[in-house]
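Have a look at the structure below, then the notes.
Rule-based calculations on the coordinates, nothing more; no lab input. If you're wondering where the values come from, they're calculated on a predicted model, not measured in any experiment. Neighbour counts are summed over all protein chains in view; Cβ atoms, including those assigned to glycine, are modelled from backbone coordinates with ideal geometry.
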Amino acid sequence: MSRIGKKPVDLPGGVSASVSGQTVEVKGPKGTRSFTATDDVTITVEDNAVTITPRGRSKRARQQWGMSRTQVANLVTGVTEGFKKELEIQGVGYRAQMQGNSLKLALGLSHDVIFDVPQGVTVTAPKPTEVIIEGIDEQLVGQVAANIREWRKPEPYKGKGIRYKGEFVFRKEGKKK
């Protein structure tokens with residue numbers, strides 16, 4: 001039995017969910033999101049909560065049960081609170097600034113990196129060494145943060161690069177003379 005799958009997803013005030021076939025659509029104050037589940041689970045909306053149950057006892061049905069419940073819970077969280085990732089930029093001369101709908105990054109390369117922000121995500125740079133990514137789609141927010149971080153991952157000798165806020169970078173000692 002899936003401990004996660006057994007819990008119903010509660011719908012807070014101002015959030016509504018509708019099911020058509022295997023697709024769940026959740027509407028809230030921040031927008032609308034939908035998720036299409038596999039045929040291995042059954043989705044029902046009752047008493048202001050979304051319940052997911054497996055069809056059968058196969059291994060795949062049990063796997064999809066917990067995953068589908070988590071996806072629906074993420075939809076509800078996204079349309080009520082939204083998701084947020086914060087990046088820190090460390091290094092001499094490393095900085096970020098917004099120019100219209102693109103993020104301009106100076107990362108010690110021979111040229112500045114221009115990162116075009118996709119639809120559905122808001123990127124802000126309140127400080128030159130800080131980037132905040134917000135949106136209602138958790139997967140998209142995380143992917144945009146990973147794509148930005150990919151330009152200059154933190155290196156272990158000086159710790160320079162783009163890191164998630166609160167991320168620990170294991171530091172190495174340089175070579176001895």
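Using 1/(1 + (r/R0)^6) with R0 = 30 angstrom and r between the beta carbons of SER110 and LYS175, what's the FRET efficiency to the nearest 0.05?
On the way: r = 27 Å, r/R0 = 0.88.
Step by step, r from the Cβ atoms, then E = 0.70.
State the volume of the convex hull built on the alpha-carbon positions of the stretch 115-175, expressed per residue in Å³ and rounded to an integer. Show your work: numbers first, answer last.
On the way: hull volume 5.9 nm³, N = 61.
That works out to 97 Å³ per residue.
Looking only at ARG69, ARG60, ARG163, which one moves most when the chain is put into a Gaussian network model with springs between Cα atoms under 10 Å?
Evaluated over the chain, the most mobile residue of the options is ARG60.
Counting Lys and Arg as +1 and Asp and Glu as -1, each charge on the Cβ, what is the dipole of the stretch 46-171 about the Cα centre in debye, to the nearest 20? Mind dumping the intermediate values first?
Numbers: 19 positive and 14 negative charges, 138 e Å.
Here the stretch 46-171 has a charge dipole of around 660 debye.
Between THR23 and GLU167, take the C-beta separation as r, use R0 = 35 Å, and let me know the FRET efficiency to the nearest 0.05. Spell out each step's value before the answer.
Working: r = 36 Å, r/R0 = 1.02.
Calculated transfer efficiency: 0.45.
Which value at 222 nm does the chain reach when only helices count, each DSSP H run of 4 or more adding -39,500 (n - 2.57), with the total divided by all residues and rounded to the nearest 500 deg cm²/dmol? If you can, show how the numbers build up before the last one.
Working: 3 runs with 39 residues, N = 177.
When only DSSP H runs of four or more count, the value is -7000 deg cm²/dmol.
List the relative contact order of the stretch 83-164 as a percent without decimals, with contacts defined as Cα pairs under 8 Å and 6+ residues apart.
On the way: 160 pairs, mean separation 29.6, N = 82.
Relative contact order here is 36 percent.
Let's see if you can work this out: charge +1 on each Lys and Arg Cβ, -1 on each Asp and Glu Cβ, no other charges. What is the dipole magnitude of the stretch 134-177 about its Cα centre, in debye to the nearest 20?
On the way: 12 positive and 7 negative charges, 156 e Å.
Taking the Cα centre of the stretch 134-177 as origin, the dipole is about 760 debye.
Using +1 at the C-beta of Lys and Arg and -1 at the C-beta of Asp and Glu, which of VAL141, GLY159, VAL131 has the Cα lying farthest in the positive direction of the dipole of the stretch 118-177?
The residue sitting farthest along the positive end of the dipole is GLY159.
Enumerate the aspartates and glutamates that LYS165 could reach by cross-link, defined here as Cα to Cα under 13 Å, with residues fewer than 8 away along the same chain left out.
Once the sequence-local aspartates and glutamates are set aside, what remains near LYS165 is GLU86, GLU88, GLU130.
Let me check against my output: what whole-number percent is the relative contact order of the chain, with C-alpha pairs under 8 Å and at least 6 apart? Show your work: numbers first, answer last.
Working: 347 pairs, mean separation 31.3, N = 177.
Once divided by the residue count of the chain, the mean separation gives 18 percent.
Checking the table LYS85/LYS153; LYS85/LYS158; LYS84/LYS127; LYS84/LYS172; LYS84/LYS160; LYS30/LYS153 against a 26 Å threshold on Cα-Cα, which pairs fail?
LYS84/LYS172; LYS30/LYS153
Using r as the Cβ-Cβ distance of ARG57 and LYS158, and R0 as 41 Å, what FRET efficiency do you calculate, to the nearest 0.05? Intermediate values should be presented prior to the final figure.
Values: r = 54 Å, r/R0 = 1.32.
Computed FRET efficiency for ARG57 and LYS158 comes out at 0.15.
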